[in-house]
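Here the structure comes first, spelled out in structure tokens, and everything after it is commentary.
The values are calculated or read from the model by the stated rules, or taken from the named source; none is laboratory data. For clarity, every value in this text was computed on a predicted model and none was experimentally measured. Note: ideal-geometry Cβ built from the backbone for every residue, glycine included; neighbour counts use all protein chains shown.
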């Protein structure tokens, strides 16, 4: 049992960011020291985040110390990451996916139904409220922390106060399990089928020259890209909330913002409104992804690891 003697340390956003950066550096060092992780394609953020979450969970369980985080930067990085995905994706790119993309989408939809079916079905066997059990289904397994956090208030409005904790715990488990299993399995399939990277012939010299002239990462491009991302979020987040209120269907703001990003990219690609450096978008996406992944094992997830 947790007592009043438990030492509580509050980390502000800056300290939290520094901790995440140190964890990422430590993860990269571990990967270099132990080739096992590289061989089986275990992502470095997962290594650092998982180790840190286990240590903090043990410290919490044994009444040693509890860390409270300012998750502001995590939320922002998650929103920015999804928008950058939208800005790098357009209708033209989706259409180029053709039959393979359609098959992949159908499989994902099928898995979503199956995940919800399994979680709800097991709720009756384990005597768990079906709505709470659904938080361990598609919302957390495919949608992740963002989708779980978006759906939780609706479930909690029906009187199930633990919906958020269950969703975050399930999302954390899914993130860790997916990273640990996905890398080795993918690597095994590539080697077993002797797959090779197939790309269209590209004139690397001309491509490098084109990029150096037209797609430089400059301060101006960073400002322009950042302004576009924030503008998309300013439109997407409240619009998603309004649609959810009007229709009764929960639409996560970051997912809707991703869709707005796709629409903007498609329009801008067809009739250029403003020049966007793809390299700058990739840079911002990478930085936000690193922040999001390293910080995914936050305070709430650490406390709820015992649920998993």
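Structure summary
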| read-out | value |
| --- | --- |
| Options 72, 3, 8: the member that is farther than 30 Å from residue 260 by Cβ and at pLDDT below 75 | 3 |
| Residue within region 168-178 that is under 30 Å from residue 42 (Cβ atoms) and modelled with pLDDT of 85 or more present | yes |
| Residue satisfying condition, being modelled with pLDDT of 70 or more, closer than 30 Å to residue 145 by Cβ and assigned to a loop (DSSP other than H, G, I, E, B), within set 228, 232, 217, 274 | 217 |
| Some residue of region 120-141 being in contact with a helix residue (DSSP H, G or I) (Cβ under 7 Å, 6 or more places away or on another chain), under 27 Å from residue 28 (Cβ atoms) and crowded, with 16+ Cβ neighbours inside 10 Å | no |
| Selection count where residues are within 18 Å of residue 9 (Cα to Cα) and touching a helix residue (DSSP H, G or I) at 6+ places or on another chain (Cβ under 8 Å), scope region 47-63 | 7 |
| Yes/no for residue 110 being surrounded by fewer than 20 Cβ atoms within 10 Å (Cβ to Cβ) and modelled with pLDDT of 90 or more | yes |
| Filter result (out of contact with any helix residue (DSSP H, G or I) (no Cβ under 7 Å at 6 or more places or on another chain) and under 17 Å from residue 136 (Cα atoms)) within region 154-174 | 154, 161, 173 |
| First in region 138-166 and more than 23 Å from residue 258 (Cα to Cα), second anywhere and outside any helix (DSSP H, G or I), Cβ under 8 Å, 6 or more apart | 160/129; 165/304; 166/304 |
| Search result, residues across region 84-101 that are assigned to a helix (DSSP H, G or I), more than 24 Å from residue 139 (Cβ to Cβ) and modelled with pLDDT of 85 or more | 87, 100 |
| Residue satisfying all of: in region 114-132; touching a residue at least 24 places away in the same chain (Cβ under 8 Å) and part of a helix (DSSP H, G or I); farthest from residue 164 (Cα to Cα) among these | 115 |
